[in-house]
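Asker: Here you go, one structure.
The values are calculated or read from the model by the stated rules, or taken from the named source; none is laboratory data. Computed from a prediction, not measured in an experiment: that's the story for all the values here. Positions of Cβ are generated from backbone atoms using ideal geometry, with glycine treated the same way; all protein chains shown enter the neighbour counts.
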Amino acid sequence: PRLDRRLLEHPPKGVSAPAYDRSALTSGIVHVGVGNFHRAHQQVYLDRLFSMGDDHDWAITGAGVKPYDAKMRATLEKQDWLTTVLELDPAGYTARICGAMIDFAEIDAGAIIAAMARPETRIVSLTITEGGYYLDAKRGGFQADHPDIVADSRNRDAPSTVFGMLIAGLVRRREAGLAPFTVMSCDNLPDNGKVCRDAVTGLASLISPELGDWITGNVAFPSGMVDCITPATGDRERKLLQDTFDIEDASPVVCEPFRQWVLEDHFPLGRPALEKVGVEFVPDVGPFELMKLRILNGGHAAIAYPSGLMGLRFAHDAMEEPLVRGFLEKLEHSEIIPTVPPVPGVDLDSYFRKVAERFSNPKVGDTIARLCLDGSNRQPKFILPTVADRLDAGQPVDGLALEVALWCRYCAGETDDGAPIVIDDVNAERLNKTALEARSNPSAWLAMGDIFGLLKDRTPFAEAFAKALNSLWKSGTRKTLETYLSG
Ligand code: NAD
């Protein structure tokens with residue numbers, strides 16, 4: 001049967017569904033960026049909490065600032081904002097219909113600002129991708145001269161960016177005598193609370209310095225570390241849900257059974273009691289974030305590009321390929337893990353073992369293509385800071401330089417066997433052109449200052465990179481990995 005609220009009365013066998021009264025929920029959270037990850041993560045935690053009978057005034061109103069979000073909104077509306085979350089446990093599938101979202105603002109700045117300004121909205125959360133924060137990789141910090149930001153600074157009543165809308169929502173509350181909501185970023189960025197605050201205050205200061213100061217002094221931006229591998233949804237996933245649990249959901253989410261959320265406890269208007277459903281509240285998420293970004297996200301990057309060049313399709317195929325797995329393990333143990341400072345209560349080697357086990361889960365079906373996405377945004381966050389730390393400490397970076405060279409070789413747009421590679425990245429064209437130039441002149445790749453700003457003039461890295469790239473072009477991916485592993 002089709003998914004909508006009627007299905008909740010008699011959910012198909014083996015499927016759990018909300019037993020709480022959804023019509024009695026009220027919305028305390030506006031979430032911008034209702035993609036797959038948000039539905040696999042935050043919505044599941046809240047759904048569990050609501051199922052315990054708690055905090056029914058913290059349901060979610062969805063929002064999207066991109067015109068294409070209209071499609072997701074229309075899809076979810078037809079199914080009463082319900083999402084089926086299918087967990088891909090190697091031991092078997094489980095499915096839960098998640099009822100934590102009860103509304104979705106129209107895809108329109110005015111409607112989104114109005115939802116943020118409602119008195120009952122106490123948190124605005126975001127999953128807007130790493131690229132959504134207008135970070136200036138060249139100079140560091142917020143890119144205040146980006147055309148979108150400049151436009152929003154001049155047109156504060158009709159913004160097009162999420163930051164313009166947050167500011168308009170906060171101003172409207174101030175005018176109405178309402179305290180500001182808490183802004184909770186759930187994107188994969190080091191220090192995501194601070195990055196988000198810099199974007200909001202950066203734009204606000206362009207509008208007026210007084211407004212920037214008021215936001216700095218009055219709005220909370222807790223940082224958080226989020227984790228749950230959530231692949232994109234396609235026909236395979238829809239069919240899997242239908243075949244396994246007999247549910248027709250136009251936009252289900254599949255994800256691994258592992259889920260982690262570590263949050264700073266800074267919510268002046270209160271928050272749901274998420275600690276009851278496994279969220280860890282800590283004074284400083286910094287060490288947890290660094291561990292995750294470097295070991296897990298850096299690890300994803302490490303398996304992505306060699307696998308792409310060798311024509312492998314899935315993450316679990318990559319983990320079955322001894323050269324790719326070997327590269328991941330050696331890189332993590334010799335170069336990545338040693339740069340991660342101690343994390344309270346966590347053994348980093350066992351954290352990595354768990355990560356490797358999660359990557360190997362054949363049921364997740366995470367594609368190499370997804371892991372290869374957006375390198376120009378991801379490398380500066382997941383790989384290059386590790387390189388910089390090692391160089392600062394005078395340590396070798398051969399493995400990391402090889403990872404960057406694999407990315408460069410991948411961006412040349414052909415596998416080792418000559419099959420075409422589609423580069424999915426906002427900078428795809430420039431990456432491709434530069435990668436081809438780098439074949440004879442490796443320094444061209446590192447000269448992309450907006451990506452490699454952090455590593456400017458670092459000769460040992462440039463040398464190791466050139467050596468790795470030359471080897472990839474001359475001997476191919478397999479031979480190059482063999483040589484690295486035998487070293
Ligand atoms: P998705 O493609 O399903 O959804 C992306 C969402 O981001 C969409 O709702 C889109 O409208 C919004 N968005 C994109 N660019 C934006 C912009 N410039 N401004 C505002 N909104 C924008 O992707 P997803 O799997 O949901 O991942 C989203 C983010 O969640 C990731 O970038 C990452 O930071 C975080 N995350 C994802 C995973 C995962 O495994 N998928 C795991 C941990 C964290």
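Quick grid of which residues meet (1) within 16 Å of the ligand (Cβ to nearest atom); (2) in a helix (DSSP H, G or I); (3) under 30 Å from Ala220 (Cβ atoms):
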{"site": "Arg236", "(1), (2), (3)": "yes, yes, no"}
{"site": "Pro257", "(1), (2), (3)": "yes, no, no"}
{"site": "Gly270", "(1), (2), (3)": "no, no, yes"}
{"site": "Ile303", "(1), (2), (3)": "yes, yes, no"}
{"site": "Leu331", "(1), (2), (3)": "no, yes, no"}
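Asker: Can you give me the ranges of the helices (runs of 4 or more DSSP H) entirely in the range 1-99 with at least 2 residues that are within 11 Å of the ligand (Cβ to nearest atom) and more than 26 Å from the chain's Cα centre (by Cα)? Walk me through it before giving the result.
Answerer: Numbers: elements: 36-40, 42-51, 69-78.
Where helices (runs of 4 or more DSSP H) fall fully within the range 1-99, none carries at least 2 residues being within 11 Å of the ligand (Cβ to nearest atom) and more than 26 Å from the chain's Cα centre (by Cα).
Asker: What pairs come out if I take residues in the range 329-350 that are among the basic types (Lys, Arg) and pair them with residues that are in a helix (DSSP H, G or I) and buried (at least 18 other Cβ atoms within 10 Å of the Cβ) whose C-beta lies under 8 Å away, six or more apart or interchain?
Answerer: From residues that are among the basic types (Lys, Arg), the pairs are Lys330/Gly399; Lys330/Tyr484.
Asker: Quick one: in the range 358-412, which of the residues that are of a type in the set (Gly, Ala, Ser) and part of a loop (DSSP other than H, G, I, E, B) is surrounded by the most Cβ atoms within 10 Å (Cβ to Cβ)? First the steps, then the outcome.
Answerer: From the range 358-412, those of a type in the set (Gly, Ala, Ser) are 360, 365, 369, 375-376, 388, 393-394, 399, 401, 405, 412; that's our starting set.
Narrowing further to those that are part of a loop (DSSP other than H, G, I, E, B): 360, 365, 393-394, 412.
On the way: Ser360: 16, Gly365: 18, Ala393: 9, Gly394: 7, Ala412: 22.
My answer is Ala412.
Asker: Looking at Ala462, is it part of a helix (DSSP H, G or I), touching a Ser or Thr at 6+ places or on another chain (Cβ under 7 Å) and not basic (Lys, Arg)? Give the steps one after another, and end with the answer.
Answerer: Working: part of a helix (DSSP H, G or I): yes; touching a Ser or Thr at 6+ places or on another chain (Cβ under 7 Å): yes; not basic (Lys, Arg): yes.
The answer is yes for Ala462.
Asker: How many residues are away from the ligand (no atom under 16 Å from the Cβ) and either touching a residue at least 24 places away in the same chain (Cβ under 8 Å) or closer than 24 Å to Asp425 by Cβ (or both) if we restrict to the range 159-178?
Answerer: Our first condition is that a residue be away from the ligand (no atom under 16 Å from the Cβ); within the range 159-178, this holds for 170-178.
Imposing the further condition that a residue be either touching a residue at least 24 places away in the same chain (Cβ under 8 Å) or closer than 24 Å to Asp425 by Cβ (or both) reduces the set to 170-174, 176, 178.
Summing the residues that are away from the ligand (no atom under 16 Å from the Cβ) and either touching a residue at least 24 places away in the same chain (Cβ under 8 Å) or closer than 24 Å to Asp425 by Cβ (or both) in the range 159-178 gives 7.
Asker: Continuing with this model, one more query. Of the conditions (1) farther than 25 Å from Val254 by Cβ; (2) modelled with pLDDT under 95, Asn361 satisfies every one except a single condition; which number is it?
Answerer: Here Asn361 meets the rest and fails (1).
Asker: Does the range 285-293 contain at least one residue that is of a type in the set (A, V, I, L, M, F, W, C) and in a loop (DSSP other than H, G, I, E, B)? Working first, answer last.
Answerer: Initially, the range 285-293 is screened for residues of a type in the set (A, V, I, L, M, F, W, C), giving 285, 288, 290-291, 293.
Checking which are in a loop (DSSP other than H, G, I, E, B) leaves us with 285.
Scanning the range 285-293 turns up at least one residue that is of a type in the set (A, V, I, L, M, F, W, C) and in a loop (DSSP other than H, G, I, E, B).
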